[in-house]
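First up is the structure itself, then whatever we jot down about it.
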Amino acid sequence: MPRELDRWNWGAFFLNWIWGLGNGTPIALLCLVPGVNLVMPFILGAKGNAWAWRNKRWTSVEEFRKTQRNWTIAGSVVVGGMLAFAAFICLFVMAVMGAMKSSDSFKFAMRELNRSPRAVELLGTPIESGFPQGSFNESGGSGEAAFNFSVEGPKGKGRVYFSAKREGGPWQIEQAVYEDERSGERVDFSR
């Protein structure tokens, strides 16, 4: 192999086993083996050019470079796309949780929790909430909400389980329970 080709191969690193199939390097299939797949991309990045040069017929060094550059571009696009998709999912989840936290039903749940003498005694004030998990649907004066969320105060922390319905009037609580983390005590704060 020409010395100028003895360098890191990003295409082999990013696309590992797919790159191996395209470059006649079956050892890259080890990337499909759990455990081995943690180190194999690094081995392919370091040794990929040598293996690709040896395992396939190339008409020139320039053809080899062009092919490997295309693999690098493809790998960069795939990894960039995956990172962009992951960022989008994170932003989407945060937006949904933010919308749930600013909903009337969530604010109602927090007001009712703060009105519970026993919950306030266990948590202290002020009571801070985490992001809710669950579902809510509010529109035109009616809606349904069912979620749980963590809460924390100066004296303790725990989890709230809350569900309520509204049909043109005020929210009607179906379940409103605070579960204290330390004692395991469950406080029903529904009216």
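Before moving on, here are some points about what is shown:
- Single residue of the range 8-35 satisfying the filter (of a type in the set (Val, Ile, Thr) and touching a Phe, Trp or Tyr at 6+ places or on another chain (Cβ under 8 Å)) that is surrounded by the fewest Cβ atoms within 10 Å (Cβ to Cβ): ILE27
For (1) at pLDDT below 95; (2) open to solvent by 90 Å² or more (accessible area, probe 1.4 Å), each residue gets a yes or a no:
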residue	(1), (2)
MET82	no, yes
PHE88	no, yes
ALA95	yes, no
LYS107	yes, yes
GLY134	yes, no
PRO154	no, yes
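- Any hit, the range 119-132, residues being open to solvent by 20 Å² or more (accessible area, probe 1.4 Å) and under 13 Å from SER105 (Cα atoms): no
- Look at the range 80-99: where a residue is more than 21 Å from SER129 (Cβ to Cβ), no partner that is surrounded by 10 or more Cβ atoms within 10 Å (Cβ to Cβ) sits 6+ places away or on another chain with Cβ atoms under 6 Å.
- For the range 132-147, the criterion of being touching a residue at least 40 places away in the same chain (Cβ under 8 Å) and of a type in the set (Gly, Ala, Ser) is met by at least one residue.
- Check on GLU185, touching a residue at least 12 places away in the same chain (Cβ under 8 Å), more than 18 Å from ARG111 (Cβ to Cβ) and open to solvent by 30 Å² or more (accessible area, probe 1.4 Å): yes
The values are calculated or read from the model by the stated rules, or taken from the named source; none is laboratory data. Source: prediction; values computed, not measured. Cβ: placed from backbone, ideal geometry, glycine included. Neighbour counts: every protein chain shown. Calculation scope for accessible area: heavy atoms of the full protein, side chains included, ligands and nucleic acids excluded. Shrake-Rupley method; radii C 1.70, N 1.55, O 1.52, S 1.80 Å.
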